1. Provide the net charge surrounding residue 368, with neighbours chosen by a C-beta distance below 10 Å and charges set as Lys +1, Arg +1, Asp -1, Glu -1.
2. Can you give me the distance in nm between label points at residue 802 and residue 543, each placed 7 Å from the Cα along the Cα-to-Cβ direction?
3. Could you work out how far the C-alpha centroid of the stretch 765-792 sits from that of the stretch 591-657, in angstrom?
4. Of 434, 178, 952, which is farthest on the positive side of the dipole of the chain, counting Cα position, with +1 on Lys and Arg Cβ, -1 on Asp and Glu Cβ, and the Cα centre as origin?
5. Please compute the contact order of the stretch 122-166 in relative form: average sequence separation of alpha-carbon pairs under 8 Å and at least six residues apart, divided by the residue count, as a percent.
6. For the stretch 703-790, compute Rg over Rh where Rg is the Cα radius of gyration and Rh is the Kirkwood radius from the inverse mean 1/r over Cα pairs.
7. Which of these values of volume of the Cα convex hull per residue in Å³ was calculated from the structure shown: (i) 272; (ii) 257; (iii) 244?
8. How far apart, in nanometres, would the label points at residue 510 and residue 380 be if each is projected 7 angstrom from Cα along the Cα-to-Cβ direction?
Amino acid sequence: MRRFLTLFTVLMLTSIFAFAQDRLVTGKVVDDKGNGVPAASIKIAGTNKGTSTDSDGSFAIKVKKGEQLVISSTGYESKTVPTDGQSFVGVTIATTSATMQEVVVTTATGQIRQKSSVGFSTATVKGSELTQAKATNIAQGLTGKVSGATFLQTNSGVFQDTRITLRGIRSLTGNNQPMLIVDGVPISLGYLNSINPNDIATADILKSAGSTAIYGSDGVNGAIVITTRRGSKNRPQVSVSHAVQFESINYMPQFQNRWGSGYAQDGNGNGTYEPHEQQSWGDEFDGSIRQLGDPGPNGEIYTQKYAYLQGERRRFYDVGTTNQTDVSFSTGDFYLSGQNVDIKGTVPGDKNTRRGITFKAEKEYNRFKASLDVRYNQQKYNVTTSNTLIWYGVASAPGQVPLTDFWDWRNDVRASPNGYYTLYLSNQEYTPYFTKDINRDIGKTDDIFGNIEFKYKAASWLNLTYRLGLSVSNTGSTVTKEPFSFSDYYFARPEATAQTGTTAAIQNYNDYSNRLTSLFMADFIRKFNKVGLNGTLGYSYRDSRSKLQKTGSDNLGKSQFLSIATRLGEPTVNVDNTTSRTQRFFGRVGFDYDRWLFLEVTGSYDMDSRLVPANKIFQLKDISFFYPGASASILLHEIIPGLKDNNTLNFFKVRGAIAKTGNVNISPFANEVAFSSGTFFPFGSLPGYQIGSTIYPNEGLKPEFVNTKEVGIELGFLKNRINLEATYYNQNNTDQVLNVQLSNTTGATSALLNAGKFTNKGLEFDLKLTPLVKLGEAEIDFKINYANQDSKITGLIDGVNELGIGNYNYAVVGSPAFVFKTNDYYRDSATGKVIVDPITGMPSQNPNLTQFGRTLPKHILGLNLSIKWKGFTLGAVAEYRSGNQIIADQLGNFLDDNGISARSGSYGRRAFVFPNSVYLDNGKYVNNTNIYTQNYGRLFYNNDINTDVTSNYLADGSFWKLRELTLIYDFPASIFKGKGIKGASIGFTGRNLFMWLPKSNQWTDPEFTANGNNSYTGNAVGLSTAFNQPPTRFMGANVTLNF
């Protein structure tokens, strides 16, 4: 027994000593600025054993006594450090002189990886690049800087909504905008304008489903991955900045400047002057003094020089101002920032105030790390709801009318509807100042979003992460219309008609939404000699809810007390609730060999409540789908002799990715039978209901599937002074959800059906010359990005070859998605020229719609220039787009009809040979050179033969824009020595300073798109309406102090 105990003791001590030879060492790798270096290689010297740092540069590894660690990372100098006597190893590595522009990339799950290891195309925009021109939202800061990304500013004004697409569209009728991921948590893209751009460290653009396949249907359109700033690891930092920007009208339609007020014509076809006429078909300006409008209440006559007032319509608009103040404080594991933005728009009286605060903290204890990120943003606004009527009132004013004299309509009878110079604007609500003031939307939006993250390093090769994200948005607004009654003076005016004025109205809105996201991930990474293995297994759950309540009345009579309590009759009440849930199991496995070959496969198994059939009878397979993906990357410069240490071609990477994802193109409950209150119910105390939906339920609806393939090449020359990246992609989009018309005998008018299919493909090029030139202290960087995007409809519903989606946009089999189809003249099929009558010279309208060009740009080019010299930095961003067309018929035909447009003054308002026309002569069409139009001037341009032909307002959608121009000076730190200031800078900025348009576009910014009277971010783009106010430019200055 004694011998057994002795032997047992010896064995135990031996095993303890053996185990004690391996001990766990933790550490962190940072760069020379104190920022963590992710994905850095940690190897035990002389062995192939090792690990990699996580997203913030932390690592853990088991070592034996005397062993040293070799730290290396792409773009950094290698470093060897001892481990004896240390349980924590802190390492700072310096950047090399030749560093790739984007060393790391943040993936869809928030993991940071070496860019050289990923098999798909990405783009990283630094926070400093986003904010160099002091853009107030992120989309503006990204415009022109990413190949394959289209940022379409749909309107000017205090909100400046933007439509974002990456590599074109993947759905004909559904959502095509990318997902938004902030610090690893997906949130609604609508929060993009709520994030303070100054809080952003980087914005990574993942352009295709190949890079976001792990997110299944959510990632079908790519992703914008935002990584926000963290506390400074060096020393406490305080930053204070203020920027002011002035906004002014950049472009106005082309107006004629020869003729003034009038409608009637004399016997020679010349216009005659009418003092109270709103249209501009009068005689030519001659500088004489003439009466304007009718005599006043006491017989007074208002006179005006009959001459064109250059720029008077432009002067209706204010010089808008944006004042932006930012404060931030960061130290160690703590970051706090605040922002205040006050925007006064160019439309007088419109304003928008945004205030936000960000709090971010993290704490690390041994293997455990916790972080908290909370953002609160409040927006208060007061805007007109009468954009279209304002624009009509401004644009329709004859050229001699001093429009800005009529602003005080409440006190000046000549400025009020009672005494305004014209009585003919009753359907445009009388005067632009009047309509902007009586129609208002006053509201407030509160957004709060953030996440809690817990990380635990279970082993040197295993990390566990849990994230809980919550976003809440609540908007309350009141839309009102003031009452107005006409005076006796108005009805005594010549040609006054019966008018009731305006009736008071009110609508109260409350729009609430929230999204809860829960995500758990297990990440592992192992190294076996030259073979590396890494992966992720995870589960996510999302619950999204919304509630819209609307109460109001369109009839408050003439009450000045704008409240639903003063309504006449029953109020309008509407309540709309939605709930949707998504569960996802996802995984990723990556393999690398000797750090030159990288392979990765991904999978996402999604379950989506929106796919539950109307009868609620389903199996799990009916609402769940599996989305696989794979990618590969090969670093040829690591394996081809002569390239490894080659200074000419020092980086050579080829890559490719494939993925299948799906887009759940259906709103919650949209595929179910819904009921609403019946007509004339409730009847007393008796309720009654009727079917509220006219869509027949489809019990087998599937997602729209997207099969993505992409291949690319990345080259680095001259120690990465020149970097070239090229990508080709092809996306096959099938099972498109389309609305199919049904016979009324079914009890419904339509049904949703998986039917359509189309492809989109493209090429992307990025060239970075960094530096292009370096002479002494002067350094010039130049970046070019270009994208060629194309698409083709390959099928719709059986027997159907075209489908209209609104705004003249059509999906036509064999054509791009989308093309315009609209009214046109009869044309010669051989030449495309307009056919005119051989006697009258007049064209005829074709009763059938004619197909024209594509609505989305095919070519997008971005140019980025940076020049640095002795503390000065000059930056410029320009963008070119072409290959598409636009339509501006609502504004265009209004201007023509009223004789205000440059078109309406063509040919001196005399007879003309219709341009590019032919006529039939002896059975064949011949070019028209001498047959003049029978009608001209008002009788032509104010006629349906002109205004009803939409192709007259079709234009080339090309443009060049100078998106940004900045000049910044950083003061030398030495001048602030001992004053508590660590640095200061002053800057001058300009945005959208210049815009160059083709001659065919006489009306507006080609980016602007509207649907009815709403700013529009849907698929049917390219139609600009009178809702779109004139485009604007920004100029300003800013100052920043760092303490």
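1. Every neighbour counted, the sum reads +4.
2. 4.8
3. Taking the Cα centre of the stretch 591-657 as reference, the centre of the stretch 765-792 is 27 Å away.
4. Among 434, 178, 952, the one farthest towards the positive end of the dipole of the chain is 178.
5. 27
6. Taking Rh as the inverse mean 1/r over Cα pairs, Rg/Rh reads 1.38.
7. From the options (i) 272; (ii) 257; (iii) 244, the structure gives (iii).
8. Using points 7 Å along Cα→Cβ, the separation is 2.0 nm.
All of the numbers you see were taken from the coordinates with simple rules; none came from a lab. Quick caveat: nothing in here was measured; it's all calculated off a predicted structure. Cβ coordinates were reconstructed from backbone atoms using ideal geometry, including for glycine residues, and neighbour counts include every protein chain displayed.
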